[in-house]
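A.B. asks: Structure incoming, see below.
The values are calculated or read from the model by the stated rules, or taken from the named source; none is laboratory data. Treat the numbers as computed from the prediction; the structure is a model and nothing was measured. Cβ sites come from the backbone with ideal geometry, for glycine too, and all protein chains shown count toward neighbours. In case anyone asks, the SASA skips ligands and DNA or RNA and just uses the protein heavy atoms, side chains included. Shrake-Rupley method; radii C 1.70, N 1.55, O 1.52, S 1.80 Å.
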Amino acid sequence: MNTLAVVGAGPQLGMSIARRFAREGFSIALLARREEPLERLAAMLRDDGHEAAAFPADVSDPDSLRSALRAAEERLGGIDVLEFSPAPTKADMLARPLIDASEVTVESVLPEFDMYIRGGITAVRSVLPGMLSRGTGTIIFTTEAGSGPMIVPRVANVQIATGGLRNWALNLHESLRERGVYVGHVALAAAIGHGGPAAEPDTIADAYWKLHTERIEPELVYDALPDDWQVDQVADKFTVDERV
């Protein structure tokens with residue numbers, strides 16, 4: 001049985017991705033900070049007849065993340081698909097507010113690097129050796145579309161980090177594509193659950209399954225923003241997908 005690890009699992013898109021892969025026979029490892037709500041999500045998957053387990057981890061803490069991924073592999077087997085989509089909670093955003101491009105400081109960017117760059121590299125380094133030894137694997141990074149295609153000046157401190165993660169993902173795709181490991185990046189422009197069928201988490205999750213199975217394009221720009229969306233609304237997955 002193959003295993004999917006969702007790093008930054010939440011009750012909307014993260015759970016929809018988990019359910020989509022679980023329907024295809026995958027075991028599911030859910031990783032996020034808070035144990036109690038994370039375990040509730042795993043229990044929901046088990047109630048539906050799927051093999052799933054919760055592995056609490058702080059993405060910004062390399063030791064915590066490595067330990068959780070190691071525990072997931074010990075319990076569920078080697079991780080075949082890694083979906084990396086950490087995002088701040090509302091409490092995080094109060095402590096680390098969004099900063100306009102003209103106001104960025106080093107201090108406002110470093111915590112974002114801890115979450116996205118350090119977290120992403122740690123997660124990949126934890127699972128990539130196993131993928132390479134098996135000759136197959138999938139890694140999908142998810143960031144808001146401001147990491148590349150969109151310009152959203154008021155989220156600059158976050159986008160400095162997610163833009164770097166996107167750049168690495170695209171280069172990693174090129175580096176690994178002849179070695180059996182597919183790497184993709186999803187640039188997500190969607191107010192999840194708002195704005196029509198394309199913005200529903202189950203619909204978005206289908207796109208992840210397609211990336212995994214087709215293994216061709218290095219990047220999917222998923223645009224499901226409402227027609228009346230304005231840049232200053234910062235309507236991305238971070239503000240509507242409550243994290244656990």
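A.B. asks: Give me the one-decimal Kirkwood hydrodynamic radius in Å for the range 76-151, with the sum taken over alpha-carbon pairs.
C.D. replies: Values: mean 1/r = 0.0688 Å⁻¹.
Every distinct Cα pair counted, the radius reaches 14.5 Å.
A.B. asks: Dividing the alpha-carbon Rg of the range 92-135 by 2.2 N^0.38 Å yields what? Before the final figure, lay out the partial values.
C.D. replies: Values: Rg = 15.5 Å, N = 44, 2.2 N^0.38 = 9.3 Å.
That ratio works out to 1.67.
A.B. asks: Would you work out what percent of the accessible area of the range 1-83, with all protein chains in place, is carbon or sulfur (probe 1.4 Å)? Let's see the in-between values first.
C.D. replies: Values: 1380 of 3370 Å².
Its accessible area is 41 percent carbon and sulfur atoms.
A.B. asks: Note the direction-averaged projected area, equal to a quarter of the hull surface, for the Cα convex hull of the chain, in nm². Don't jump to the answer; show the numbers that get you there.
C.D. replies: Values: hull surface 48.4 nm².
Spelled out: convex hull of the Cα atoms, projected over all directions, averaged, 12.1 nm².
A.B. asks: Estimate the FRET efficiency between ARG215 and ILE151 by the formula 1/(1 + (r/R0)^6), using the beta-carbon distance for r and 22 Å for R0, to the nearest 0.05. If you can, show how the numbers build up before the last one.
C.D. replies: Numbers: r = 30 Å, r/R0 = 1.35.
It comes out at approximately 0.15.
A.B. asks: Another one. If you wrap a convex hull around the C-alpha atoms of the range 91-220 and split its volume per residue, what is the figure in Å³?
C.D. replies: Values: hull volume 15.8 nm³, N = 130.
Considering the Cα atoms of the range 91-220, their hull volume per residue is 121 Å³.
A.B. asks: A further question on this structure: When the chain is treated as a GNM, springs tying every alpha-carbon pair under 10 Å, which of GLY196, GLY14, GLY120 comes out with the largest mean-square fluctuation?
C.D. replies: Most flexible of the set in this elastic network: GLY196.
A.B. asks: Right, another one. I want to verify a result. In a Gaussian network model of the chain, Cα cutoff 10 Å, which of these has the top mean-square fluctuation: THR142, THR213, THR122?
C.D. replies: Maximum among the listed residues: THR213.
A.B. asks: Add -39500 (n - 2.57) for each DSSP H run of 4 or more in the chain, then divide by its residues: what number comes out at 222 nm, to the nearest 500 deg cm²/dmol?
C.D. replies: Details: 9 runs with 106 residues, N = 244.
Theoretical 222 nm ellipticity from helices: -13500 deg cm²/dmol.
A.B. asks: What's log10 of I(q)/I(0) for the range 1-96 at q = 0.10, 0.12, 0.14 Å⁻¹, Debye sum over Cα points only, no solvent?
C.D. replies: Each listed q corresponds, in turn, to -0.23, -0.33, -0.45.
A.B. asks: In terms of modelled amide H atoms, which long-range or inter-chain residues lie less than 5 Å from the amide H of ILE140?
C.D. replies: Sorted by chain and number, the residues that satisfy this are LEU82, GLU83, PHE84, GLY184.
A.B. asks: For ALA91 and ASN171, calculate 0.36 nm times their separation in residues minus their Cα-Cα distance, and state this gained length in nm to one decimal.
C.D. replies: 25.5 nm
A.B. asks: Scan around ALA52 for amide H atoms under 5 Å from its own, H built in the peptide plane at 1.01 Å from N, and keep only partners 5 or more places away or cross-chain.
C.D. replies: ILE28
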